[in-house]
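Chemist: Pasting in a structure now, in structure tokens, and then I'll have a few things to ask.
The values are calculated or read from the model by the stated rules, or taken from the named source; none is laboratory data. Every value quoted in this text rests on a predicted model; they were computed, and no experiment measured them. Every residue, glycine among them, receives a Cβ derived from its backbone with ideal geometry; neighbour counts consider all protein chains shown.
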């Protein structure tokens, strides 16, 4: 059996998700045995445009990045968006509440960047499926490395990868955590897609929703819970706009 | 009863920790709450706890449990997990003892769960009387605040001393090996009794309905407004089922290592409040509404399980009450609200007879080899399979098997060949991962088989009867195992009529066999398609399968109808049959649900209180017609 | 000699982010040599405006996946400085430990996965799995140990969860710290072996010297990482709030990451800068390792930055062991976090693996951030990389194009640039 050719690319992001792949430690060596890694700028000098599966990290800020992404789509038969930036834009969409002139001015001041393609940004930061079709999604900021391993082994075995369609609460209960609401904290766990093994509640920190909402979140029931615990919806949503800024349900 | 001083009790626990080879777990504090966890010293043990976040069931049915390891590099290789370490659990409260005894009936009854059994046998229980009542608990009114059984030792912390009741030989020898206890006199027994009385009167919550009356109350109040009021607020977070000591449903998943050489099949707790609990490979969700799921949880506790096993599947621990953010999970509150309505006479739920329990390791598949394949249509492929141990499958018509492909998972598939022979046949539609993978396999490839499972068609009972077969789509697959048996033993049966419908001509299955029917004068057969696309040839009827019923002659009072098809078909065909005058008890159906474990434990295939995998998939319509979730 | 040399490395590999190198030379003279940073701009300073104080660290850790703990700490320190929040001794010790975890993780990743392939003449760590399996497994083992330490302190390896304004949401147990201590002790032997391997290959590092200004945190009593004054090999000590006088950010058209300068045309931060400022504060084993490499202050070879990382790796193990002992001696306490909102402006500086990092916030009396400024070590280094290239390129022109390209790439890699942070990207363009 020929090994699938695999390439990794990144756009606007912190590259923390590719670090999670390195963080699989010994299992990365296993993975290298079953795929043919043809491009991964952060770890290898070699590069080829002949690949079957492309893993994309990061969101799209500029036309020059969108063009590069479209080329990748032409080359790859499967595109995997991994990490919140690629999947839904993550923190980068926080800039969408400002104009592009404002954000450029705030960061680069009056420097002359007019006409320079490096600074030619879209009005809004975009997840990659606003530019190309995405076949597989791996959410999270950062991705959960065990979920990444599971989804990759599914893809390699020809199995349709599935994300959990139940709330973080399920994992939180399995981990026997004390409910964050009982500790007086806010938590988006009840409406957020599980798969991170409830990483934040495990250390007594409320879920910030980095994995995105469930397919059909019970937002009105959640709002009632917030009210019961003395949190106004506005307060709550302001507090939890980090990852879900402007997203449906927020 | 024996007694020891408090310091002797502490040194007993410390000696266990230091000297006993078992892992010693007990109740410890976790912030403001309590959990069962490994003990480092007796000082950590908190017998004054009210309730733990999770019940001790996590030691018998672990949150995540590796059931078997498999090797993907060889054709078929599986190792069951057998290495279960010994453990002593200290501080289990009476309501949890009751819950554990219930779980034993489920997991050690009919089809024994080997892993559960091994964990149970290797675990010693040192129970403790309740010292502080949880404010969410209503165990007092459930009669579970004390328990006379289910423990190896039962301790009562009296402050200065600890009374011990020996519940088993193992418990007794543990006590004599490690503890300095002496016989208790009447005053100790009186103090224990006094403490228990104090606890019994310390409950602020109670359920006002005797648990024996729960089934009747639920039967009569299916349409009560409480269901909607509560379920509207539900977050669907699943917490209530996950913290419950009597919930035992699970999900099974395969995880392959990244080298794709090995993997594990793991089970993990699942719960009926989650939407995908009843999702099948084809995409249908059989319990879609939140209200129906909310009802299922309460009905299961108060009606389905009582009628099946004879006990109420709620021990009043109050864990679901504490875990539920919108405050809707409390079964006592539901019962107290319902009791204001009129209570009816409990109507026994018809639990059809179950198939005989499978032998041996019920969850471990047997190796088998595909000996022949035949592509039937674009989506359906036939596989002829032989078990590697040389044994015939020994199935009856209408039974199913769990097909196992390691790394991918399991899927329930109906056997479509008639009973007998060294091999058997299945016809598989490509709808999910297992079936997709199977479609890529060919003669010589190895798969795993569990089964035969479930009840089949009772070919004996049908002898001498006139039979009207009605198959829709893939329903012809399980039905074929019966009509081929009937045709092979034609003289044993009366008139035979076969009505078979599918979407369009390209989906017609078993084309060559169907052709053979043309020459037979001992059966009537008719075909139909929902629609015939332009350009395709079709000389038969066009319309849904029900449109064939008026086209054939049968005596409604002396004909048994056998109906198999997709969920939507039943409603219409059964209506047509009833209109034609066939009595309910002469209609036989085969139903599809998510049959994951196949042995009546994982909970996914339930139609109200009935396990489709165990009491079905073949049912008499009369047994099922009143179940709200059946059709 | 070739009359024309054109080198164009479009995206330098094995660095964090996207950067390009362009070299054009004709008849033995360099016409153009340029370090370009085309990374997509990310605007963190713009979009933290309007966010409440307690979210700032959780947003700004997302500036960088590799140094997220450092960003988190710089952010918390800036917030705490702005609002006048004091932290406990225990929080201080746990934060220092978290910073070591990140330093360990980042340094072993850089030296083991990104630099080692150059020294062993291969394109990536992948072929080393076959050729040097023992060394690779040791590196993986050390990387795992460092990650487990981050998991323990921060709740996960990347984007810390537990660290909050004023303290921690959750702290390790004494049992867990004891287990971590043992892992650190067990890491000493494999660290020595990896050190010996790097030493045996150190001859492959180009012998290139260029004097520059080295800047990093300095403190009286320790090898400063979490706290201290700004130290310069040219101008001595400066208080942290004066950071802008040191960094003087400016913009060049070839880089979306800003450039910096201070006493000279450029300055360098990172492991080598810290070593040059703090060599005498190293723990004994780290000092011994530095001696093995004949690394002494002031070393002006930027390629030695990778060696300084090896020395710091050892020092972080030693200091972590000391901190764990101190925490165990004190006993761990769950502490209540009590933060009062107060308007103000504050600067937080910490040493992250790639050098000194500044966050500067203005917070209003509602606890909302109204202005933010983050100065990232890779930005501070951009100009130094450019000037190193200008000095190095003319000495390389006699070499085959491939070797020129490799040497220039190795130079960039030695800085361990974190371009996503600086905004983020590396490319080399060639003309000779």
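Chemist: Does residue B:221 qualify as being within 17 Å of residue B:1 (Cβ to Cβ), at pLDDT below 95 and either outside the structural domain of residue B:290 (by TED's automatic domain parsing) or part of a loop (DSSP other than H, G, I, E, B) (or both)?
Modeler: The answer is no for residue B:221.
Chemist: Hey, can you tell me all the residues within the stretch B:483-493 that are out of contact with any strand residue (DSSP E or B) (no Cβ under 7 Å at 6 or more places or on another chain) and either touching a residue at least 40 places away in the same chain (Cβ under 8 Å) or within 19 Å of residue B:526 (Cα to Cα) (or both)?
Modeler: If the condition is that a residue be out of contact with any strand residue (DSSP E or B) (no Cβ under 7 Å at 6 or more places or on another chain) and either touching a residue at least 40 places away in the same chain (Cβ under 8 Å) or within 19 Å of residue B:526 (Cα to Cα) (or both), then B:484, B:485, B:487, B:488, B:490 are the ones that fit.
Chemist: Which of the residues that make up the stretch B:271-303 are in contact with a strand residue (DSSP E or B) (Cβ under 7 Å, 6 or more places away or on another chain) and either assigned by TED's automatic domain parsing to the domain that holds residue B:611 or surrounded by 19 or more Cβ atoms within 10 Å (Cβ to Cβ) (or both)?
Modeler: B:275, B:278
Chemist: Return the pair list, or none, for Cβ contacts closer than 8 Å from residues in the stretch A:225-248 that are over 25 Å from residue C:63 (Cα atoms) and more than 14 Å from chain B (Cβ to nearest Cβ) to residues that are loosely packed, with under 13 Cβ neighbours inside 10 Å and modelled with pLDDT of 70 or more, at least 6 apart or on different chains.
Modeler: Note: pairs meeting the criteria are A:233/A:227.
Chemist: Looking only at residues in the stretch A:158-172 that are more than 16 Å from residue A:188 (Cβ to Cβ) and more than 20 Å from the chain's Cα centre (by Cα), which one is farthest from the other protein chains (Cβ to nearest Cβ)?
Modeler: Step by step, filter the stretch A:158-172, then rank; the result is A:158.
Chemist: Okay, moving on. Checking the conditions here, which among C:216, C:257, C:228, C:270 is at pLDDT below 95, under 30 Å from residue C:155 (Cβ atoms) and touching a strand residue (DSSP E or B) at 6+ places or on another chain (Cβ under 7 Å)?
Modeler: Going through C:216, C:257, C:228, C:270 in turn, just one is at pLDDT below 95, under 30 Å from residue C:155 (Cβ atoms) and touching a strand residue (DSSP E or B) at 6+ places or on another chain (Cβ under 7 Å): C:257.
Chemist: Those residues that are in contact with a helix residue (DSSP H, G or I) (Cβ under 8 Å, 6 or more places away or on another chain) and outside any helix (DSSP H, G or I), I need them from the stretch B:162-183; list them, please.
Modeler: B:162, B:163, B:164, B:166, B:179, B:180, B:181
Chemist: Taking the stated definitions as given, is residue B:25 part of a strand (DSSP E or B), within 32 Å of the chain's Cα centre (by Cα), at pLDDT 95 or above and at negative phi? Spell out how you get there, then give the answer.
Modeler: On the way: part of a strand (DSSP E or B): yes; within 32 Å of the chain's Cα centre (by Cα): yes; at pLDDT 95 or above: yes; at negative phi: yes.
For residue B:25, the condition - part of a strand (DSSP E or B), within 32 Å of the chain's Cα centre (by Cα), at pLDDT 95 or above and at negative phi - is met.
Chemist: Tell me which residues, restricted to the stretch B:28-72, are away from chain A (no Cβ under 11 Å), in a loop (DSSP other than H, G, I, E, B) and within 32 Å of the chain's Cα centre (by Cα).
Modeler: Of everything in the stretch B:28-72, those that are away from chain A (no Cβ under 11 Å), in a loop (DSSP other than H, G, I, E, B) and within 32 Å of the chain's Cα centre (by Cα) turn out to be B:50, B:51, B:60, B:61.
Chemist: Sticking with this structure for a sec: Would you confirm whether or not the stretch B:472-484 contains a residue that is at positive phi, assigned to a helix (DSSP H, G or I) and touching a helix residue (DSSP H, G or I) at 6+ places or on another chain (Cβ under 9 Å)?
Modeler: Yes: one or more hits.
Chemist: Counting just the residues of the stretch B:387-411 that are in contact (Cβ under 8 Å) with a residue 60 or more places away in the chain and touching a helix residue (DSSP H, G or I) at 6+ places or on another chain (Cβ under 7 Å), which one comes out nearest to the other protein chains (Cβ to nearest Cβ)?
Modeler: B:408
Chemist: Same structure again: Buried (at least 21 other Cβ atoms within 10 Å of the Cβ) and outside any strand (DSSP E or B): is that true of residue B:459 in this structure?
Modeler: Answer is no for this residue.
Chemist: Just to verify a result, which residue in the stretch A:180-199, among those that are at the interface with chain B (Cβ under 10 Å from one of its Cβ atoms) and touching a strand residue (DSSP E or B) at 6+ places or on another chain (Cβ under 9 Å), is surrounded by the fewest Cβ atoms within 10 Å (Cβ to Cβ)?
Modeler: That would be A:182.
Chemist: Return the residues of the stretch A:135-148 that are more than 13 Å from the chain's Cα centre (by Cα) and not in a helix (DSSP H, G or I); say none if nothing qualifies.
Modeler: So the first thing to find is which residues in the stretch A:135-148 are more than 13 Å from the chain's Cα centre (by Cα), and the list is A:135, A:146.
If the condition is that a residue be more than 13 Å from the chain's Cα centre (by Cα) and not in a helix (DSSP H, G or I), then A:135 is the only one that fits.
Chemist: Identify the residue in the stretch B:245-272 that is within 10 Å of chain A (Cβ to nearest Cβ) and not in a strand (DSSP E or B) and, among all such residues, is nearest to residue B:74 (Cα to Cα).
Modeler: That would be B:261.
Chemist: Here are the criteria: (1) outside the structural domain of residue B:309 (by TED's automatic domain parsing); (2) surrounded by 14 or more Cβ atoms within 10 Å (Cβ to Cβ); (3) part of a loop (DSSP other than H, G, I, E, B). Tell me which single one residue B:195 does not satisfy.
Modeler: Here residue B:195 meets the rest and fails (3).
Chemist: Between A:113, A:103, A:132, A:80, which is at negative phi, part of a strand (DSSP E or B) and either without any contact (Cβ under 8 Å) to a residue 24 or more places away in the chain or away from chain C (no Cβ under 13 Å) (or both)?
Modeler: Working: A:113 fails: part of a strand (DSSP E or B); A:103 fails: part of a strand (DSSP E or B); A:132 fails: part of a strand (DSSP E or B).
After applying the criteria, what remains is A:80.
Chemist: When the stretch C:133-156 is examined, which residues are found to be more than 9 Å from chain A (Cβ to nearest Cβ), closer than 18 Å to residue C:197 by Cα and in contact (Cβ under 8 Å) with a residue 24 or more places away in the chain?
Modeler: Residues satisfying the conditions are C:135, C:138, C:139, C:142.
Chemist: Residues that are under 22 Å from the mean Cα position of the chain (by Cα) and touching a residue at least 60 places away in the same chain (Cβ under 8 Å): list the strands (runs of 3 or more DSSP E) wholly contained in the stretch C:162-243 that include at least 1 such residues.
Modeler: C:213-218, C:229-232
Chemist: Just a yes or no: is a residue in the stretch A:11-20 farther than 19 Å from residue A:157 by Cα, more than 9 Å from chain C (Cβ to nearest Cβ) and either out of contact with any helix residue (DSSP H, G or I) (no Cβ under 6 Å at 6 or more places or on another chain) or in contact (Cβ under 8 Å) with a residue 40 or more places away in the chain (or both)? First the steps, then the outcome.
Modeler: Start the filter on the stretch A:11-20 by keeping residues that are farther than 19 Å from residue A:157 by Cα, which leaves A:11-20.
Narrowing the set further to residues that are more than 9 Å from chain C (Cβ to nearest Cβ) leaves none.
Within the stretch A:11-20, none of the residues are farther than 19 Å from residue A:157 by Cα, more than 9 Å from chain C (Cβ to nearest Cβ) and either out of contact with any helix residue (DSSP H, G or I) (no Cβ under 6 Å at 6 or more places or on another chain) or in contact (Cβ under 8 Å) with a residue 40 or more places away in the chain (or both).
Chemist: Does the stretch A:208-224 hold any residues that are facing another protein chain (nearest Cβ under 10 Å), within 19 Å of the chain's Cα centre (by Cα) and crowded, with 19+ Cβ neighbours inside 10 Å, and which are they?
Modeler: A:208, A:210, A:214, A:217 - these are the residues of the stretch A:208-224 that are facing another protein chain (nearest Cβ under 10 Å), within 19 Å of the chain's Cα centre (by Cα) and crowded, with 19+ Cβ neighbours inside 10 Å.
Chemist: If you go through the stretch B:30-51, how many residues are within 18 Å of residue B:319 (Cα to Cα) and touching a helix residue (DSSP H, G or I) at 6+ places or on another chain (Cβ under 8 Å)?
Modeler: 2
Yes or no, residue by residue, for (1) surrounded by 21 or more Cβ atoms within 10 Å (Cβ to Cβ); (2) assigned by TED's automatic domain parsing to the domain that holds residue B:559; (3) at pLDDT 95 or above:
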position: B:413; (1), (2), (3): yes, no, yes
position: B:418; (1), (2), (3): yes, no, no
position: B:421; (1), (2), (3): no, no, no
position: B:431; (1), (2), (3): no, no, no
position: B:474; (1), (2), (3): yes, yes, no
position: B:483; (1), (2), (3): yes, yes, no
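Rundown of residues vs (1) under 27 Å from residue B:408 (Cβ atoms); (2) surrounded by fewer than 24 Cβ atoms within 10 Å (Cβ to Cβ), yes/no style:
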{"residue": "A:77", "(1), (2)": "yes, yes"}
{"residue": "A:99", "(1), (2)": "no, yes"}
{"residue": "A:116", "(1), (2)": "no, yes"}
{"residue": "A:123", "(1), (2)": "no, yes"}
{"residue": "A:133", "(1), (2)": "yes, yes"}
{"residue": "A:136", "(1), (2)": "yes, yes"}
{"residue": "A:148", "(1), (2)": "yes, no"}
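Chemist: How many residues does the stretch B:1-34 contain that are under 21 Å from residue C:173 (Cα atoms) and in contact with a strand residue (DSSP E or B) (Cβ under 6 Å, 6 or more places away or on another chain)?
Modeler: Within the stretch B:1-34, residues that are under 21 Å from residue C:173 (Cα atoms) and in contact with a strand residue (DSSP E or B) (Cβ under 6 Å, 6 or more places away or on another chain) number 8.
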